[in-house]
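Following: one structure in C-alpha cells, then a few remarks.
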Amino acid sequence: MSKIPVRMFRLPTLTLVGQPWRTGDDEKLFWVNFTFDALPFVLSELAVLETGRDLKARNFQTAPDGKTRFQFKGIPEKAMTPGLHLFPADWPVRHEHKAYLVPLGAQNQTVTANRGKLKGSLLPAEGLEVDLKKVDGGNGKFLIAVSSKKVLPCLTGQQYTLEPAGDPPLDLALVTCGTVEPRDLSDFVKKTFRFPGLPTVNALYSIGLRVNGFAVLPPPLWEEVFEETVGTEGVRIMTKAWAHFSKKARNAAAQPGGISQDELKKRMGLPEAVYTFLTEKLVDDGILRSKEGFFLPVADPETYLSPIAKKALDQLDEKSVHGVDIDNEPNALFKKTYQDLARMDLAVATETPWIYGRAGWAILRSQVCGPGTLGREWKIAEVKELLDISRKPILGILNQLEKEGWLERKEDHRLVVKEAPAV
C-alpha cells in the first residue's frame, strides 16, 4: 500500500491488564494495572474507548518491576475488564453506528462492494463488519459511508483501513459521523473535495466547523487558528453560529424562573464541550446569570414576568410576613411560580420551605435584626412570640437571616451581628 500523503495523528490509549483489586478492606477505591499503547497521555479524566464511558483516575504509579497501576472511580470495577482501552477524555472521540470517510491515495478509487471490514487503532484487532455506500463527490471522487450494528469509535482525521469484499484494501480518513442531514452531507462532500489533493487533518476539522457551525478539537489542534471563530482550547464556534446560539440561549432563559441547565442543554442540542463553553462565556460576558442550576437573564425580572407570575407576586405581597408554605400549596402551577420568583430574587425562599415577598421579608428581617438589636440573643421561643407566627417556619427564617449575615449561631441561641434597616 502506498504512503499516505496526509499528516494524521494517533489517539493516545492505554490497555488494562488483569482484574481490579483493593489493597485492604478499608480502602474505598480499586486499583487496576495498565500498559501504555500510544503517547502523549494525560492521566486524569479518562474514557473507555469501547463504550465512551467516562471515569476519574488518580494515584498513577510505576512499581520497581515496571508495572503501572492507578485507582479509579465513576465506573463499576466489574466493567474494568482486561483488554479495555482508555483514552484522555479531552479527545473528541464519538461513538456512532455510522461514519463517513474519504479515501486516501490515487489507487483507492475502485470500490464496488456493499460489505467489508473496517480496521484501525480505535477498533478491535479483528476489525468490524460494516455495510458500505458510496457518496458521489463528482469527477470520480467520493466519500464512503460505513454502517455497523456495533458502535464505531470515531475521531475526525483518524486513519482507518477498509477491506471491501472482493475489492483491494484502501486507507481512509474520517470526515464526520453519526446522523447527518442530507443538506449537511452534501456540504461535507462539496467542502472535502473543494481543493485539489487530499485534505489535511486541519482541513477536516475546518470542514466540520463550517458545516456544523462548531467543532471540538483534539489537543494537537488546540493552538491552531481558525478564522472567524470564537473559542478556546478544544472548542471553536463560527461567529455567525455564536450569534445564533447565544440568541437562542437568551430567549430560552427569558421566562419566569429562567431555564434549568439540563433543559437548556437539551434545547441547544450541542456537544458537551461546546455547550459548556457557550454557557460559561454567556455568564462571564454578563449576558446570562447562573443560580441554583438555572440560567436567568440579566434584565430586570419584572420586565419579563408572565401574568401568572405577576399574580403570584401580588399574592406573596398580600401574605406579607406569613409567606407561603410551599409544601402545602395545593396549586402546582403557583407552587412552581413561587419558586421561580425566588430564583429571580423577587421573593425570598427559606429551607423550611417557605417563600416570602420582598416586602414581607424586609419586615421579618427588621423585626428580628432591626435598629437597636445589635448583640441581642434570640431563642426560638422568643422569635415565635415576637413574630406571632407558627413554629414551623421559624427555623427557616433564622437560618436565612444567618445566611444573609444578620445573625450568628451561638449554642442554643442566635446572636444579632448586624443591624437591618428599619421598615
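The values are calculated or read from the model by the stated rules, or taken from the named source; none is laboratory data. Quick caveat, the model's predicted, so the values are computed rather than measured. All Cβ positions, even for glycine, are placed from backbone atoms using ideal geometry, and neighbour counts span all protein chains on display. The accessibility values were calculated without ligands, DNA or RNA, using every heavy atom of the protein model including side chains. Shrake-Rupley method; radii C 1.70, N 1.55, O 1.52, S 1.80 Å.
Reachable lysines from Lys119, Cα under 16 Å, same-chain residues fewer than 8 places away excluded? Here the lysines satisfying the reach criterion relative to Lys119 are Lys98, Lys149, Lys150. Taking all protein chains together and rolling a 1.4 Å probe, His322 ends up with roughly 110 Å² accessible.
Quick check: from the Cα gyration tensor, does the range 128-193 come out rounded (a/c under 1.5), prolate or oblate?
Values: a/c = 1.64, a/b = 1.22, b/c = 1.34.
It comes out oblate by the Cα gyration axes.
Let me know the Kirkwood hydrodynamic radius for the range 21-180, please, with Cα pairs as the basis and the value in Å to one decimal. Don't skip to the end; give the middle numbers.
On the way: mean 1/r = 0.0567 Å⁻¹.
Final number for the Kirkwood radius of the range 21-180 is 17.6 Å.
A protection proxy built from the mean count of other Cβ atoms within 10 Å ranks the segments 211-224, 365-378, 152-165, most packed first, as 152-165, 211-224, 365-378.
Counting Cα-Cα pairs of the range 159-282 in 10 Å increments starting at 0 gives whole-percent bin shares of 11, 36, 32, 14, 6, 1, 0.
Calculate the dipole size of the range 322-382 relative to its Cα centre from +1 charges on Lys and Arg beta carbons and -1 charges on Asp and Glu beta carbons; express the result in debye to the nearest 20.
Values: 7 positive and 8 negative charges, 35 e Å.
In debye, rounded to 20, the range 322-382 gives about 160.
For the range 353-423, what does the alpha-carbon gyration tensor say about shape, rounded, prolate or oblate, given a ≥ b ≥ c as the root eigenvalues, a/c under 1.5 as rounded, and a/b over b/c as prolate? In terms of gyration-tensor shape, rounded.
Here each label is just a point 7 Å from Cα along the line to Cβ, and for Glu228 and Arg391 those points are 7.0 nm apart. Here the chain has 50 percent of its accessible surface on carbon and sulfur atoms, given a 1.4 Å probe and all protein chains in place. Per the Debye formula on identical point scatterers at the alpha carbon atoms of the range 351-391, with no solvent, log10 I(q)/I(0) at q = 0.13, 0.15, 0.17, 0.21 Å⁻¹ is -0.30, -0.40, -0.51, -0.77.
Using 1/(1 + (r/R0)^6) with R0 = 25 angstrom and r between the beta carbons of Ser186 and Ser306, what's the FRET efficiency to the nearest 0.05?
On the way: r = 42 Å, r/R0 = 1.69.
Here the calculated transfer efficiency is 0.05.
How high is the FRET efficiency from Met268 to Glu126, r the C-beta distance, R0 45 Å, rounded to 0.05?
Numbers: r = 39 Å, r/R0 = 0.86.
Efficiency at R0 = 45 Å is approximately 0.70.
Cross-link reach is defined here as a Cα-Cα straight distance under 28 Å, omitting same-chain residues fewer than 8 places apart; for Lys418 the lysines meeting it are Lys291, Lys319, Lys379, Lys384, Lys392, Lys403, Lys410. Based on the Stokes-Einstein relation at 4 °C and a viscosity of 1.567 mPa s, and on the Kirkwood radius from alpha carbon pairs, the range 1-96 is assigned a translational diffusion coefficient of 90 µm²/s.
By the Stokes-Einstein formula, at 1.002 mPa s and 20 °C, the chain with its Kirkwood radius over alpha-carbon pairs has D equal to 81 µm²/s. Between Leu374 and Glu45, the simple spin-label model (points 7 angstrom out along Cα→Cβ) gives 4.8 nm. Along its first, second and third principal axes, ordered by size, the range 288-423 spans 42, 32, 27 Å in Cα coordinates. Positive end of the dipole of the chain (Cβ unit charges, origin at the Cα centre): among Gly357, Gln261, Ser186, the Cα lying farthest that way belongs to Ser186. Label positions at Ser290 and Asp317, each projected 7 Å from the Cα along the C-beta direction, are separated by 3.4 nm. For Thr176, the residues whose amide H sits under 5 Å from its own are Tyr100, ignoring neighbours fewer than 5 places away on the same chain, with H placed 1.01 Å from N.
Rounded to the nearest whole Hz, the Karplus-based 3J(HN,Hα) values (6.51 cos²θ - 1.76 cosθ + 1.60, θ = phi - 60°) of the range 230-241 follow the sequence 10, x, 8, 6, x, 10, 9, 10, 4, 4, 5, 5, with x at glycine and proline.
Summing charges over neighbours of Gln71, with a neighbour being any other residue whose Cβ is under 15 Å away from its Cβ, gives +3 when K and R count +1 and D and E count -1. Computed extension length for Ala243-Asp412: 55.3 nm, one decimal, from 0.36 nm per residue of separation with the Cα-Cα distance subtracted.
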